[in-house]
Each structure stands twice: as C-alpha cells, then as structure tokens.
C-alpha cells in the first residue's frame, strides 16, 4: 500500500535564540526544504501544517525557522517531532527510481519464482543502493540495486523480481 505521507526529517534540537529548529533530514536532497512553503509536523499523533519562513544549513542538518515559533522554549516543545510531506507534494522521481517507503516490506522473488523474503531496509554503499532482504527466520540477504540483479520492481503487484548472480548468496 502506498504511503500517503513521507517523512522528510526529525526535529532534534533548537538552534539559536530566535526559535529555529535543527532537523535531521531523511532525504538525500536536502535542498528540497528550500522549495517548500509548508510542511506537516507530527505531534501527539496529529499532523499540523506549519509555514516555513527560512531555511539554512549546518553541516548535514537543516535549520528551519517556522512561523509562530519564536523562542528556544517554543522550539523545545517540538524536539523529536517528525516533519512530513504529502506524497503529491514530493519531488517527482526519475524512471526506475523509487521511494524507499514504497519498497520496505515488499516481497522479493528470484526470477525462478522463489520467495527470498521482504525488503527490510535499504542503504547506500556509495557505489549503489543495497537492498536488505530478510526471510521469516530473520536471515538477511544483501542485494546490490544494479540492473543485473534487480530485474523488476512492480509497485502495483507489490513485488520485486531479482536475478541472483553467482556468488551473491
């Protein structure tokens, strides 16, 4: 099932004395924050729309000035809260590129029809993404997201078909 919202980051602290918040981004392209006028803030299991007044960067974190948060004390109330965006507002992806949220939990089959498990995690190794596939017993298989291995990602049928290269598992 496709997620309606994506997490863009989590507020981890306040920054400065004017109510800015420090955000750990969950997106590879942190400049995406600059293109947004508003975000959804999840607090107490409720989504609240917030207006972004300013975006800055510090190391690999995003600093946000949110309308209505003007002090350290106000900013502190939102520590730990997640920032989300509607799927419809998310950046459009190039062909054969997928949102990680759509792939997590998806069953993975070999091109011979054998169920290997489900996508448990995805991380970047530098050269390519690595799909962590876990079976019912908890055994992990690491698959590089390269065309020779990942044969088909079918979001509609909710399955991934892979070709196991010799020596891969």
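Readers should treat all values here as calculations from the given coordinates under stated rules, not as data from a laboratory. Note that this is a predicted model, so its numbers are computed, not measured. Note that we place each Cβ from the backbone using ideal geometry, even for glycine, and neighbour counts take in every protein chain shown.
General observations
- Rg(Cα)/(2.2 N^0.38 Å) for region 100-162, N = residue count: 1.01
- Proxy reagent accessibility, fewest Cβ within 10 Å first, across 44, 120: 44, 120
- Kirkwood-Stokes translational diffusion coefficient of region 1-43, alpha-carbon pairs, 10 °C, 1.306 mPa s, µm²/s: 133
- Multiplying the residue separation of residue 96 and residue 34 by 0.36 nm and subtracting their alpha-carbon distance yields 19.8 nm.
- Counting neighbouring Cβ atoms within 10 Å and putting the fewest first, the residues 14, 163 line up as 163, 14.
- Take the Cα radius of gyration of region 17-169 and divide it by 2.2 N^0.38 Å, N being the number of residues; the result is 1.30.
- Burial ranking of peptide ranges 96-102, 3-9, 81-87 (average Cβ count within 10 Å, highest at the top): 81-87, 3-9, 96-102
- Residue 76/residue 3 FRET efficiency (R0 35 Å; Cβ-Cβ; nearest 0.05): 0.75
- Simple spin-label estimate for residue 165 and residue 115 in nanometres, 7 Å along Cα-Cβ: 2.8
- Residues 78, 131, ranked from the fewest to the most other C-beta atoms within 10 Å, line up as 78, 131.
- The ellipsoid that matches the Cα gyration tensor of region 5-89 has semi-axes, each √(5λ) in whole angstrom, of 18, 15, 11, with the longest given first.
- In nm, spacing of pseudo-spin labels at residue 128 and residue 146 (7 Å Cα→C-beta vector): 0.5
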